Structures are given as C-alpha cells and as structure tokens.
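Nothing in this text is a laboratory measurement; each read-out follows from the coordinates by a stated rule. As the structure is a computational prediction, the values presented were derived from the model and not from experiment. When we count neighbours, we look across all protein chains shown, and the Cβ atoms used for this are built from the backbone with ideal geometry, even at glycine.
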Amino acid sequence: MSYGVSAALQSAVYQALINDTALGAVVGDHVYDALPSGSLPPLYVALGPEQVKDLSDKTGAGAMHQFTISVVTDTAGFATAKQAAGAVSDVLVDADLTLTRGQLIALNFYRAKAVRVGTADERRIDVTFNAIVQDN
C-alpha cells in the first residue's frame, strides 16, 4: 500500500472545486481545505475526512481513498445546500484529475447524508466519494 498519493489527490480535488464556475456561482470563493478563523460565510464547502484502503497487487501499489466533502449552511432549508452539493458532485464524479504523484484511475460518488446540526439553523450535507489511485 502507498499513502503517498493522498496529498496529490487532495490538492487536485481542491483545485477542481475552486476552479469550477458552476460551483462558484453557488458558493462564491468559499471552498476551504482548512476553515478560516473568524466568522464563516452563510454557505461554504469544506474538504473533510478521508479513509484509505490498500488495493495493491502484484502489478503495483494502489489504494482506494474514501473522502468527504461537506457543504454547510446556516440558511433555512436544504435547497441551497443541495444545489451546492450537486455542483460538488458534478465536478468530481468521473473527473479526469491530473495528480502530481500517481494516477487517478476512478472517482465515483459513494453516498451523501443531509443533517440538521444541533438545534440551530445550521445544515450540513456530507458527500462521500471513492477515488481509486495508483502510485507509479
């Protein structure tokens, strides 16, 4: 197994999200790898947790990266958050991302979960993807 492709995959995913005009039309420039200090905008996208499973075989090192992108809003209802989550999915599903290390073999939607956070008006949609990578 190799975890060496992880940083390259994260960087490519982040670049794809911040450079997408359709997602930008919904969330502006509020796509974060790390949340900024201070108050947050009413709608934003954040890179989240990742789990990695070995997929190496006799032909080489590989892994499946299961990672989550979160869409968070404090506006009433889920409509705007779902629009943003849909845009995130449109950007990433079957994306042809160029990695600085290794190669992306496949990038697929796995699941999404929409929840209301606490008793406040905050809503969060966690969209999870599976990326299969090969470390050349």
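Some notes on this structure:
- Sparse-neighbour loop sites [trypsin sites (Lys or Arg not before Pro); the stretch 14-91; at most 14 other C-beta within 10 Å; DSSP]: K58
- Charge tally for G60 (other residues, Cβ to Cβ under 13 Å; Lys, Arg +1; Asp, Glu -1): -2.
- Over the stretch 40-117, the hull volume per residue, using the convex hull of the C-alpha atoms, is 114 Å³.
- Longest to shortest principal axis, alpha-carbon extents of the chain, angstrom: 52, 28, 27
- Share, in percent, of DSSP beta bridges within the stretch 1-89 that are antiparallel, nearest 5: 85
- Separation in nanometres of the label points that stand 7 Å from Cα toward Cβ, at I132 and T59: 0.9
- Cut-off 9 Å between beta-carbons: net charge of the residues surrounding K113, Lys and Arg +1, Asp and Glu -1: +1
- Additional length obtainable on full extension of the chain from S89 to E122, 0.36 nm per residue less Cα span: 9.8 nm
- Placing +1 on each Lys and Arg Cβ and -1 on each Asp and Glu Cβ, with no other charges, gives the stretch 14-136 a dipole about its Cα centre of roughly 320 debye.
- Summary value for the stretch 6-135: 27 percent relative contact order, contacts being C-alpha pairs under 8 angstrom separated by 6+ residues.
- Against the chain, whose longest principal axis comes from its Cα atoms, helix 6-18 is set at around 40 degrees.
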